[in-house]
Amino acid sequence: MPATMLRALIALAILLGAPAAFAQSRAVPPPPAQAPPANQIDLNNASRDDLMTLDGIGEVRADAIIRARPFKAKTELVERRLIPEALYEKIADKVMARPPPAPPAPARTPAPPQQRRS
């Protein structure tokens, strides 16, 4: 009788653990992190015409953005008072500010050899 009881306990443990294992195997994976849209306009490289495709950006604001380059962050549009905050909220997901490449280090030229005085 003890062997029968042991088998019953094992069967019960398997049955009680099966729903949890089944639920884990059926778990829905979390959605992948969203990548930024590929069609964002880079404030540091966009042409005047590209900037003017944004809602609320006309010739004057596009020219002001170009003159204010380079930008470290797109929030500088508001911080530098180039556009109002309400307009920024409309276009924030359509623009980015990729930092400009660092200028190359100046080339070192060796000093000319000094002539000896006799």
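The values are calculated or read from the model by the stated rules, or taken from the named source; none is laboratory data. Keep in mind it's a predicted model, so treat the numbers as computed, not measured. Cβ: placed from backbone, ideal geometry, glycine included. Neighbour counts: every protein chain shown.
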If we keep only residues of the stretch 59-103 that are among the small types (Gly, Ala, Ser) and touching a helix residue (DSSP H, G or I) at 6+ places or on another chain (Cβ under 8 Å), then the residue nearest to GLN40 (Cα to Cα) is ALA97
Residues within the stretch 73-115 that are at pLDDT below 95 and not hydrophobic (A, V, I, L, M, F, W, C), tallied
14
Please identify the pairs in which a residue from the stretch 50-61 that is farther than 17 Å from ALA86 by Cβ has its Cβ atom under 7 Å from the Cβ atom of a residue that is outside any helix (DSSP H, G or I) and at pLDDT 95 or above, counting only partners at least 6 apart or on another chain.
ASP50/ILE41; LEU51/ILE41; LEU51/ILE57; MET52/GLY58; GLU59/MET52
Just for the stretch 72-89: of the residues that are within 14 Å of LEU54 (Cβ to Cβ), surrounded by fewer than 17 Cβ atoms within 10 Å (Cβ to Cβ) and not aliphatic (A, V, I, L, M), which one is farthest from the chain's Cα centre (by Cα)?
PRO84
I want to confirm something. Restricting to the stretch 25-44 and keeping residues that are modelled with pLDDT of 95 or more and part of a loop (DSSP other than H, G, I, E, B), which single residue is farthest from LYS90 (Cα to Cα)?
ASN44
